[in-house]
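**Student:** Okay, handing you the structure first.
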Amino acid sequence: MERDDRLSGFLTQPPALDGFDEAELLGWCVDIVRLARRNGYLASTADAIAIYETSILLAGMRNRKRPTPYDFQDAAVTCIEKDVVPGRRDVRRLCEIMLGGDRIGQVGYDSLPPLARDVLDRLEPLGLDLQKRTLSRALMNLDLNPELVPCSDLLWMLRYLLPEGAVKPIMGSRRLGERSIQESWDLWLGKHQRELIELGYEGVTIEQVMEQRLRRAAWDPKATAAVVLGAVEDSILFLGSRRFTDELGARAVELLSAERTVDDAPEVLRRIRRLLAHYRSSGGALPGWCEAFVTAGYAHYCTLLPSAFVDEDTGVRQVGAMLGFLFSMESLAISLGCDRAQLELAVRQSHPEAPAKVALVWAAQFQLGLLTMADLRSRCDDLLNNPLVVPSVPLYITGFVQALEPAPVLTPFVVEVLSGAFGRLPDDVLLPWLPNLITTLRREAPELVPVLVREAGLTYPASLAAVDAWVPPWSAQSAKGTRGRAPVVAGPVTGLLAAHPAPTDAVAALLGCSGEWQTGDTDSGGPGHAEVAALLKAHPEAAGAVAALI
């Protein structure tokens, strides 16, 4: 029993520290507190004692005979750092400096991995010592020195792979369809040699590492169609491999068909538009994955459109991007076998309640020919005449602004609606919802506001003196005066339109124009054309020259 008691006591007691180990640990605690105070931490002797006790406690919990530098480091972080890091360096880095020194070595060329040596060899035409730890400036004129084009391609890939600061472009850019004539780079590869060496563990060449990174991002479990389209764009810019680009494109089609939300619709629309413009400008045919993406996206967004309109979690920006995809890709999708009736059914089945989405539905119906411009004007007039709906007018305007994405032809109409609201509403009604309108437009459609400003600049008079005499082009008085002054032009076209007025009436109804057919003599000598007849009789040379030319 006594032996058992002595064994139990031995096992329950902490191990006794060696005198040399205890002195070393005390020195560490004092030094780290001194170093922490120099770096802005409010450390004191109490913290040194707490680090000492915590180091022993952590060593015992980890079944160690004496505290190791790792135990000491964890104890210092626990006792000094607390919740925030007020200094320039955290406590863990201070422990590394104190225990291992603050020296950074340099690896020679012969000891570098193959990838790092390949990078230095391929950048040798720049004529710079890239292994020194100071900043180097590289100036390249790619027109006069075409042999530097591979160096430029490599630098753009290094900028993508290395952390910020290692390779920094000062002049020049790389986008789809663009190539810089001159480039200027700040190179700091010597200071970031560690990151360059770490790339050597991922592959043998930069191109291999780049392909692995893009493939890893595309096949990540959380990847979306927008992310993969970004990888497709990067592969075109940096790698130029048609096979790999097609592989990423097929992955984008797969992810788009499997998505059940439309949160990334604006990003998808922006990227696929840019990619389609790139392929069309290059002069070649569209790759198969682009055609598959357009057809899959057309069917996918038509299916989700009715539910997106009524879903409260789906914003008006996302719905506008969906409609932008459907209408801007409509001609291409129909040529690839899609049915326009699918889009029309989706719009007819959409019955939103949010004001902004209601405006989007109206714009979509106008784009499909289900509503005329006169119908849109009538509905907007009803909104402004209803005092219960006036506070929600900014939301309707936001929907119309978002509708400029799928229906840019509505830009003059949106300017007209805004002008009508500012002209008709009294100040006590207009001023309360004006801040809401500004903040909503800034939040929902910052890139579409310049389009409205440009259209308003073309619509309104350029000088202040002309404002008083200016008549809005959409006003009934202006349209009536124009119809009254329009002459009846004689000729076979006039006779054909007068004999068959049905097509012209249908086009006028579609555009929202109302009016009556004017009657007049089709002969140039009739009462409506006395001045024209006199002019032609006085100067017959012009008519003869035109007849001879025809």
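The values are calculated or read from the model by the stated rules, or taken from the named source; none is laboratory data. No experiment lies behind these values; they were computed from the predicted model shown. A quick note on method: Cβ atoms are made from the backbone with ideal geometry, for glycine too, and the neighbour counts reach across all protein chains shown. The protein model used for the area step is the full one, side chains on, heavy atoms only, and it has no ligands, DNA or RNA in it. Shrake-Rupley method; radii C 1.70, N 1.55, O 1.52, S 1.80 Å.
**Student:** Could you name every one of the helices (runs of 4 or more DSSP H) located completely within segment 254-348 that has at least 2 residues being under 19 Å from the mean Cα position of the chain (by Cα) and surrounded by 14 or more Cβ atoms within 10 Å (Cβ to Cβ)?
**Tutor:** Details: elements: 265-281, 288-310, 316-328, 330-335, 340-348.
By residue number, 265-281, 288-310, 316-328.
**Student:** Return the residues of segment 377-392 that are hydrophobic (A, V, I, L, M, F, W, C), more than 12 Å from V358 (Cβ to Cβ) and either in a helix (DSSP H, G or I) or touching a Ser or Thr at 6+ places or on another chain (Cβ under 6 Å) (or both); say none if nothing qualifies.
**Tutor:** L384, V390, listed by residue number.
**Student:** Scanning for something β-branched (V, I, T) and farther than 22 Å from H278 by Cβ, does segment 153-167 turn up at least one residue? Give the derivation first.
**Tutor:** Initially, segment 153-167 is screened for residues β-branched (V, I, T), giving 167.
From the residues that got through so far, the ones that are farther than 22 Å from H278 by Cβ too are 167.
Scanning segment 153-167, I find at least one residue that is β-branched (V, I, T) and farther than 22 Å from H278 by Cβ, so the answer is yes.
**Student:** Turning to a different aspect of this structure: Can you pull out every residue in segment 17-67 that is farther than 22 Å from E81 by Cα and in contact with a Pro (Cβ under 6 Å, 6 or more places away or on another chain)?
**Tutor:** Listed by number, the residues that qualify are G60, K65.
**Student:** Considering only residues of segment 299-358 that are without any contact (Cβ under 8 Å) to a residue 12 or more places away in the chain and touching a helix residue (DSSP H, G or I) at 6+ places or on another chain (Cβ under 7 Å), which is nearest to T398 (Cα to Cα)?
**Tutor:** Restricting to residues being without any contact (Cβ under 8 Å) to a residue 12 or more places away in the chain and touching a helix residue (DSSP H, G or I) at 6+ places or on another chain (Cβ under 7 Å), the top hit is R340.
**Student:** Out of all the residues in segment 247-285, which are over 23 Å from L326 (Cα atoms) and modelled with pLDDT of 90 or more? Break it down stepwise before answering.
**Tutor:** Quick first cut of segment 247-285, residues over 23 Å from L326 (Cα atoms) only: 247, 282-284.
E247 - this is the single residue of segment 247-285 that is over 23 Å from L326 (Cα atoms) and modelled with pLDDT of 90 or more.
**Student:** Next question, about the same structure. Which residue out of L155, L130, L144 is more than 23 Å from I236 (Cα to Cα) and either out of contact with any helix residue (DSSP H, G or I) (no Cβ under 8 Å at 6 or more places or on another chain) or part of a strand (DSSP E or B) (or both)? Explain how you work it out, then say what you get.
**Tutor:** On the way: L155 fails: more than 23 Å from I236 (Cα to Cα); L130 fails: either out of contact with any helix residue (DSSP H, G or I) (no Cβ under 8 Å at 6 or more places or on another chain) or part of a strand (DSSP E or B) (or both).
Only one candidate qualifies: L144.
**Student:** Can you tell me how many residues within segment 218-236 are assigned to a loop (DSSP other than H, G, I, E, B) and in contact (Cβ under 8 Å) with a residue 40 or more places away in the chain? Lay out the reasoning, then the answer.
**Tutor:** Of segment 218-236, the ones assigned to a loop (DSSP other than H, G, I, E, B) are 219-224.
Going one step further and asking which of them are in contact (Cβ under 8 Å) with a residue 40 or more places away in the chain, we end up with 224.
Qualifying residue count, segment 218-236: 1.
**Student:** Here are some residues: A445, A486, A490, A476. Which one is closer than 28 Å to V401 by Cα, more than 39 Å from the chain's Cα centre (by Cα) and at pLDDT below 75? Give the steps one after another, and end with the answer.
**Tutor:** Numbers: A445 fails: more than 39 Å from the chain's Cα centre (by Cα); A486 fails: closer than 28 Å to V401 by Cα; A490 fails: closer than 28 Å to V401 by Cα.
On inspection, the qualifying residue turns out to be A476.
**Student:** Oh, and also: Considering only segment 237-271, state which residues are touching a residue at least 12 places away in the same chain (Cβ under 8 Å), of a type in the set (A, V, I, L, M) and farther than 18 Å from R174 by Cα.
**Tutor:** L248, A250, A252, V253, L255, L256, V262, A265, V268, L269
**Student:** Collect the residues in segment 182-197 that are loosely packed, with under 14 Cβ neighbours inside 10 Å and assigned to a helix (DSSP H, G or I), keeping them in residue-number order. Steps first, answer last, please.
**Tutor:** At the first step, the residues of segment 182-197 found to be loosely packed, with under 14 Cβ neighbours inside 10 Å are 182, 194.
Within segment 182-197, R194 is the sole residue that qualifies.
**Student:** Here's something else I'd like to know. Among the residues of segment 499-520, which ones are open to solvent by 70 Å² or more (accessible area, probe 1.4 Å), modelled with pLDDT under 75 and of a type outside the set (V, I, T)?
**Tutor:** Hits for segment 499-520 are L510, L511, C513, S514, E516, W517, Q518.
**Student:** Here's something else I'd like to know. In segment 127-151, how many residues are open to solvent by 30 Å² or more (accessible area, probe 1.4 Å) and either farther than 23 Å from E202 by Cα or within 35 Å of the chain's Cα centre (by Cα) (or both)? Steps first, please.
**Tutor:** To start, the set of residues in segment 127-151 that are open to solvent by 30 Å² or more (accessible area, probe 1.4 Å) comprises 127-129, 131-135, 137, 139, 141, 143-147, 149-150.
Next, from what is left, pick out any that are either farther than 23 Å from E202 by Cα or within 35 Å of the chain's Cα centre (by Cα) (or both): 127-129, 132-135, 137, 139, 141, 143-147, 149-150.
Looking only at that region, the number is 17.
**Student:** Please work out which residue is surrounded by the fewest Cβ atoms within 10 Å (Cβ to Cβ), limiting yourself to segment 35-50 and to residues that are among the aliphatic types (A, V, I, L, M) and under 17 Å from I97 (Cα atoms). Don't jump to the end; show me each part of the working.
**Tutor:** Taking segment 35-50 as the starting set, the residues that turn out to be among the aliphatic types (A, V, I, L, M) are 35-36, 42-43, 46, 48-50.
Now restrict to residues that are under 17 Å from I97 (Cα atoms): 35-36.
Values: L35: 20, A36: 26.
Of everything passing the filter in segment 35-50, L35 is surrounded by the fewest Cβ atoms within 10 Å (Cβ to Cβ).
**Student:** Can you find even one residue in segment 15-27 that is in a helix (DSSP H, G or I), open to solvent by less than 50 Å² (accessible area, probe 1.4 Å) and modelled with pLDDT of 85 or more?
**Tutor:** Yes.
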